[in-house]
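**Q** Below you'll find the structure I mean.
The values are calculated or read from the model by the stated rules, or taken from the named source; none is laboratory data. Quantities reported herein were computed from a predicted structural model and do not represent experimental measurements. Neighbour counts are summed over all protein chains in view; Cβ atoms, including those assigned to glycine, are modelled from backbone coordinates with ideal geometry. Surface areas here come from the heavy atoms of the whole protein model, side chains and all, with no ligands, DNA or RNA. Shrake-Rupley method; radii C 1.70, N 1.55, O 1.52, S 1.80 Å.
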Amino acid sequence: MKKTWGGRFQKSTDPQVEAFTESISFDRRLAPFDIEGSLAHVQTLVKAKLLKPQEGKKMTAGLQKVKKLLAMGKLPLESNLEDIHTAVEKALTKLVGPLGGKLHTGRSRNDQVATDFRLYLRHAVKESVQAGNRLVETLTQLSLQEKDTLMPGYTHLQRAMPISLGHHLAAYAFMLTRDMDRFLSAWDRANALPLGSGALAGTNHPFDRVLTAKTLGFKSILQNSLDAVSDRDVYVDFLSAAAVTQMHLSRMAEDLILWASTEFGFIEMDDAFATGSSLMPQKKNPDVVELIRGKAGRVFANLMGLLTVLKGLPLSYNRDLQEDKHFVFDSADTVTASLRAMTGFVSALKFNREKMTEAADNDLTLLATDLADVLVKIDVPFRVAHEVVGRVVRYCIEKNKRLQDLSDGELSRLSDLFPKGTAESLSVHHSVSQKKAIGGTSPQNVVKQAALLKAEAAKIKKRSSGL
């Protein structure tokens, strides 16, 4: 098939080169965005008097037919068409004749693909944010339901202090709201029109780029044609947001995997979101969240992959940039699928509340910080209180007794600093209820956090609905 650039060449492309350089096998998913950009370009050509109004109408009707062919799965997308831009133009020319050859007037595949890809990015951001927001809403609702459920809080994977399950779940919801903001901020920076930049130097034609930007829903216009066709920093922004999101999902998955183990026993997975073993009949495996955790590696790799492609490129366009789509498409698919899978997984969970509370209440020394705070409140320096309670902890471990089971007499023998009634004040419920300062784990704080999360989710939904 004749190439769009074949005039300068005397030989046809070697089949190996053609197979190596084609991009239609993966950039075909840009087809609806390429058509959208082309429809806007037709308007620009008409206003610039490079197309007669009747030609513009005929070409617009032709592109609408191409759009229908795409929707029906009948748009030719063979590899010898080289890329999606060529495929759309060839299909149009077949419908409208030689007039189709005017579509590419004043534009290059360089500014064309930059435009298509930004239109795709808007779509990808919207999908990721909407999926993430549903997970935030799910975690927020669960945090309210579990605000009174007690469990051990951990540092270094060692039991540290009592917290509420609701507080734990809300922590991930807050992380995810920041992740969604990162996606939306990435789009804010990408929301500028490249079309009209030509191959690298701009165009000789009187294009109304403001009209083109408005037609395609871009907020602004890229002001430097070299920048417009050669940089991919906005996709790095997207991949960075995707990597941070997948990292948070991976951490959440790790907690859930631990909690599902017999050693923890904090949750029971729904059968619909677990798998079994081909050999061991008793197994119920957390494969969904294990895969979410595992997919973090590929999302991180995509970010590093694009950065590596970009790091040594001189201005302006280089064919290396064809590789950008693999990274972005894969991360967009992976993160959105992971967010949806996590939402389903946690929505169907059964929390073993008694087991969680038992783990907190039966721990020998989980209330050590609360005991130290008793001394702090009567003006004992914290470092002194820390030393004193450390000795009490050692005593409890030796005697296999919980701190809350010690009598006032035992405490006074260990240190005369403990006031009368100290023993009665120690309980995991009291410990959690007293964490009333902003950000603490008390039930009333979890309610406040849920209100903030609902407000953030509403803001995110409003912002994403405008994309």
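**Q** Going by the structure shown, is Ala114 assigned to a helix (DSSP H, G or I), more than 22 Å from Phe207 (Cβ to Cβ) and out of contact with any strand residue (DSSP E or B) (no Cβ under 8 Å at 6 or more places or on another chain)?
**A** Working: assigned to a helix (DSSP H, G or I): yes; more than 22 Å from Phe207 (Cβ to Cβ): no; out of contact with any strand residue (DSSP E or B) (no Cβ under 8 Å at 6 or more places or on another chain): yes.
So Ala114 does not fit the description; no.
**Q** Looking at Leu75 and the list (1) aliphatic (A, V, I, L, M); (2) touching a residue at least 40 places away in the same chain (Cβ under 8 Å); (3) in a helix (DSSP H, G or I), which single condition is not satisfied?
**A** Going through (1) aliphatic (A, V, I, L, M); (2) touching a residue at least 40 places away in the same chain (Cβ under 8 Å); (3) in a helix (DSSP H, G or I) one by one, Leu75 breaks only (3).
**Q** Further question on the same structure: With respect to Ser143, is the statement that it is within 30 Å of Ser431 (Cβ to Cβ), open to solvent by less than 10 Å² (accessible area, probe 1.4 Å), under 29 Å from the mean Cα position of the chain (by Cα) and at pLDDT 95 or above true? If you could, list the steps in order and put the result at the bottom.
**A** On the way: within 30 Å of Ser431 (Cβ to Cβ): yes; open to solvent by less than 10 Å² (accessible area, probe 1.4 Å): yes; under 29 Å from the mean Cα position of the chain (by Cα): yes; at pLDDT 95 or above: yes.
Criteria met by Ser143.
**Q** Additional query: Quick check: anything in region 149-163 touching a Leu at 6+ places or on another chain (Cβ under 7 Å) and part of a helix (DSSP H, G or I)? Show your work before the answer.
**A** First, the residues of region 149-163 that are touching a Leu at 6+ places or on another chain (Cβ under 7 Å): 149, 151-152, 159, 161-162.
From the residues that got through so far, the ones that are part of a helix (DSSP H, G or I) too are none.
No, every residue in region 149-163 fails to be touching a Leu at 6+ places or on another chain (Cβ under 7 Å) and part of a helix (DSSP H, G or I).
**Q** While we're here: When the residues of region 318-347 are narrowed to those that are within 23 Å of Leu135 (Cβ to Cβ) and out of contact with any helix residue (DSSP H, G or I) (no Cβ under 7 Å at 6 or more places or on another chain), which ends up least open to solvent (accessible area, probe 1.4 Å)?
**A** In this case the residue turns out to be Ala337.
**Q** Among the listed residues Leu279, Leu307, Leu315, which satisfies the condition of being over 23 Å from Asn133 (Cα atoms), in contact (Cβ under 8 Å) with a residue 60 or more places away in the chain, of a type in the set (A, V, I, L, M) and assigned to a loop (DSSP other than H, G, I, E, B)?
**A** Leu315
**Q** Find all pairs meeting these conditions: Cβ atoms under 9 angstrom apart; at least six residues apart or on different chains; first residue within region 165-193 and touching a residue at least 12 places away in the same chain (Cβ under 8 Å); second residue open to solvent by less than 40 Å² (accessible area, probe 1.4 Å) and among the acidic types (Asp, Glu).
**A** Leu165/Glu146; Gly166/Glu146; His167/Glu146; His168/Glu146; His168/Asp255; Leu169/Glu146; Tyr172/Asp255
**Q** Let me ask another. If His430 passes every condition in (1) touching a residue at least 60 places away in the same chain (Cβ under 8 Å); (2) more than 45 Å from the chain's Cα centre (by Cα) but one, which one does it miss?
**A** His430 satisfies every listed condition except (2).
**Q** Moving on to the next point. State whether the residues of region 49-67 include one that is assigned to a helix (DSSP H, G or I), at pLDDT below 85 and surrounded by 15 or more Cβ atoms within 10 Å (Cβ to Cβ). Can you show your working first?
**A** Looking only at region 49-67, we keep the residues that are assigned to a helix (DSSP H, G or I), and these are 53-67.
From what is left, the residues that are at pLDDT below 85 are none.
Within region 49-67, none of the residues are assigned to a helix (DSSP H, G or I), at pLDDT below 85 and surrounded by 15 or more Cβ atoms within 10 Å (Cβ to Cβ).
**Q** Just name the residue that is least open to solvent (accessible area, probe 1.4 Å) out of those in region 221-261 that are over 30 Å from Gly153 (Cα atoms) and outside any helix (DSSP H, G or I).
**A** Restricting to residues being over 30 Å from Gly153 (Cα atoms) and outside any helix (DSSP H, G or I), the top hit is Arg232.
**Q** Only one of Lys350, Lys399 is touching a strand residue (DSSP E or B) at 6+ places or on another chain (Cβ under 7 Å) and open to solvent by 50 Å² or more (accessible area, probe 1.4 Å). Can you tell me which?
**A** Lys350
**Q** Let me ask another. Here are Ala48, Ala40: which of them is among the hydrophobic types (A, V, I, L, M, F, W, C) and touching an Asp or Glu at 6+ places or on another chain (Cβ under 9 Å)?
**A** Just one listed residue meets the conditions, Ala48.
**Q** Please work out if Gly297 is without any contact (Cβ under 8 Å) to a residue 24 or more places away in the chain, open to solvent by less than 70 Å² (accessible area, probe 1.4 Å) and touching a Lys or Arg at 6+ places or on another chain (Cβ under 6 Å).
**A** The answer is no for Gly297.
**Q** Right, something else. For region 169-178, indicate whether the set of residues that are over 12 Å from the mean Cα position of the chain (by Cα), closer than 30 Å to Lys355 by Cβ and assigned to a loop (DSSP other than H, G, I, E, B) is non-empty.
**A** no
Okay, residues lined up against (1) among the charged types (D, E, K, R); (2) farther than 21 Å from Leu307 by Cα:
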position	(1), (2)
Arg189	yes, no
Gly217	no, yes
Ser220	no, yes
Leu226	no, no
Arg232	yes, no
Val236	no, no
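**Q** Also: Taking the options Ala40, Ala19, Ala61, name whichever one is over 36 Å from the mean Cα position of the chain (by Cα) and among the hydrophobic types (A, V, I, L, M, F, W, C).
**A** Every option except Ala61 fails the conditions.
**Q** If you take the residues in region 152-188 that are more than 17 Å from Leu142 (Cα to Cα) and in contact with a strand residue (DSSP E or B) (Cβ under 7 Å, 6 or more places away or on another chain), which one is surrounded by the most Cβ atoms within 10 Å (Cβ to Cβ)? Spell out how you get there, then give the answer.
**A** First, pick out the residues of region 152-188 that are more than 17 Å from Leu142 (Cα to Cα): 152-162, 178-188.
With the extra rule that they be in contact with a strand residue (DSSP E or B) (Cβ under 7 Å, 6 or more places away or on another chain), the set shrinks to 152-154, 159-162.
On the way: Pro152: 21, Gly153: 17, Tyr154: 14, Arg159: 17, Ala160: 15, Met161: 19, Pro162: 27.
Applying the filter and picking the extreme gives Pro162.
**Q** May I pose another question? I need every pair where a residue in region 445-465 that is over 17 Å from Arg178 (Cβ atoms) has its Cβ under 7 Å from the Cβ of a residue that is of a type outside the set (A, V, I, L, M) and in a helix (DSSP H, G or I), sequence separation at least 6 or different chains.
**A** Within 7 Å, the pairs are Val446/Ser143; Val446/Gly166; Val446/His167.
**Q** Take the residues in region 79-106 that are at negative phi and either of a type in the set (Phe, Trp, Tyr) or within 33 Å of the chain's Cα centre (by Cα) (or both), then tell me which one is most open to solvent (accessible area, probe 1.4 Å).
**A** Ser79
**Q** Conditions: (1) surrounded by fewer than 21 Cβ atoms within 10 Å (Cβ to Cβ); (2) in a loop (DSSP other than H, G, I, E, B); (3) within 23 Å of the chain's Cα centre (by Cα). Phe218 meets all but one. Number of the miss?
**A** (1)
**Q** Still on this structure, please answer the following. Out of curiosity, is Gly196 more than 18 Å from Gln322 (Cα to Cα), surrounded by fewer than 21 Cβ atoms within 10 Å (Cβ to Cβ) and not acidic (Asp, Glu)?
**A** no
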